[in-house]
1. Hey, does the stretch 12-24 have a residue that's at pLDDT below 85, under 16 Å from GLU111 (Cα atoms) and among the aliphatic types (A, V, I, L, M)?
2. For the subset of the stretch 65-80 comprising residues that are farther than 11 Å from PRO94 by Cα and crowded, with 16+ Cβ neighbours inside 10 Å, which member is modelled with the lowest pLDDT?
3. Could you say which residue among VAL37, VAL106 is in contact with a Phe, Trp or Tyr (Cβ under 8 Å, 6 or more places away or on another chain) and modelled with pLDDT under 90?
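The values are calculated or read from the model by the stated rules, or taken from the named source; none is laboratory data. Just so we're clear, the structure is a prediction, and the values are computed from it rather than from any experiment. A quick note on method: Cβ atoms are made from the backbone with ideal geometry, for glycine too, and the neighbour counts reach across all protein chains shown.
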Amino acid sequence: MSFLLFISYALSGSNGLDGSLPSEIGQCTKLTALLLVDSTLDRSIPSEIGQYTELTYLHLFSNSFDGSIPSEIGALKKLEYLNMASNSVTGTIPETQCDQSVKLDVDSNIECCWC
């Protein structure tokens, strides 16, 4: 799967994707935007998401993700937009995001460290 190293933008919406995100998705280290919306992706958000050091846009709206927000999201220093609304994810956005001007779109079951 070495081709994953060169993907910089991933978009998928309303296409019937289901199941969990594979941990191999963390190999996309050049990824700047990940949009996985309006599908039936479930289980927890993989901790490998913290390996996307170039990620600026993370849009996981309207899936079936559950579990806690992975603390590894705190490693996304370039993140500008985070949308986890319409999922069953719970927890707190990591404190390392507090200093950033990250635009959030989350449900009431997610706490923000600066709220």
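1. There is no residue in the stretch 12-24 that is at pLDDT below 85, under 16 Å from GLU111 (Cα atoms) and among the aliphatic types (A, V, I, L, M).
2. Going through the qualifying residues, I end up with PHE65.
3. Among VAL37, VAL106, only VAL37 is in contact with a Phe, Trp or Tyr (Cβ under 8 Å, 6 or more places away or on another chain) and modelled with pLDDT under 90.
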